[in-house]
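Presented below is the structure to which this report refers.
Bear in mind that the values in this text are calculations on the coordinates, not laboratory data. These figures come from a predicted structure and were not determined experimentally. We place every Cβ from the backbone using ideal geometry, glycine too, and count neighbours over all the protein chains shown.
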Ligand code: SAM
């Protein structure tokens, strides 16, 4: 995704603390206080411009959502969406997913969404893929027992790699589609990348896996 550098992004993110959580470490183990309820918490890692996380929050008012995005020039667009939707059940973290354990305790999170994660096709970059085993360790360390990862991508290579990585880790595969938009899956909320790639006619791959504790 080509995104113009937005020098004003940081300042804008800081001026909406009701939507962008600036000291997530302080809320570790007590996210229910941030949302004012004890509903399940689903996080999206690499949330981009926020179409998915905002749409999910709109469709599922009894679930809390946090979108985590590294790039401030990108997440500021997600903030615009959230300001407009003005929903109580979605927040953003302008943070690196490498630090998930700083923000969440074991059991804080019920589900992790990975949507159109950067494929890092070169073998020497394998460790950067968000479905590499060290990331699976991270997700397991913050998820409830039996927590789930829901993963969508247009990238066949990344999808094949990820299914193998999930399997080697001992995750249980509970759903798989090799062409989501032609499947009978209901309630799909498209991401920005999904819209772009499916308009070009590319199939969307989707899987759900579950930790077996
Ligand atoms: N999920 C969005 C979508 O489907 O439209 C964006 C997909 S984009 C290819 C991947 C996004 O993940 C980028 O915005 C990137 O900055 C973010 N990202 C990559 N690694 C990350 C990390 N370690 N922590 C947080 N965000 C990350």
DSSP bridge orientation in region 9-210 - percent antiparallel, rounded to nearest 5: 35
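In whole percent, what relative contact order does region 1-126 give with Cα contacts below 8 Å and a gap of six or more residues?
Details: 202 pairs, mean separation 42.0, N = 126.
The value is 33 percent.
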Per DSSP H run of at least 4 residues, take -39500 (n - 2.57); add these up for the chain, divide by its residues and hand me the 222 nm value, nearest 500 deg cm²/dmol. -9000 deg cm²/dmol
For region 42-61 versus region 69-133, the gap between their alpha-carbon centres in whole angstrom: 10
Provide the packing ranking of 195-206, 91-102, i.e. peptides ordered by the mean count of other C-beta atoms within 10 Å per residue, highest first. 91-102, 195-206
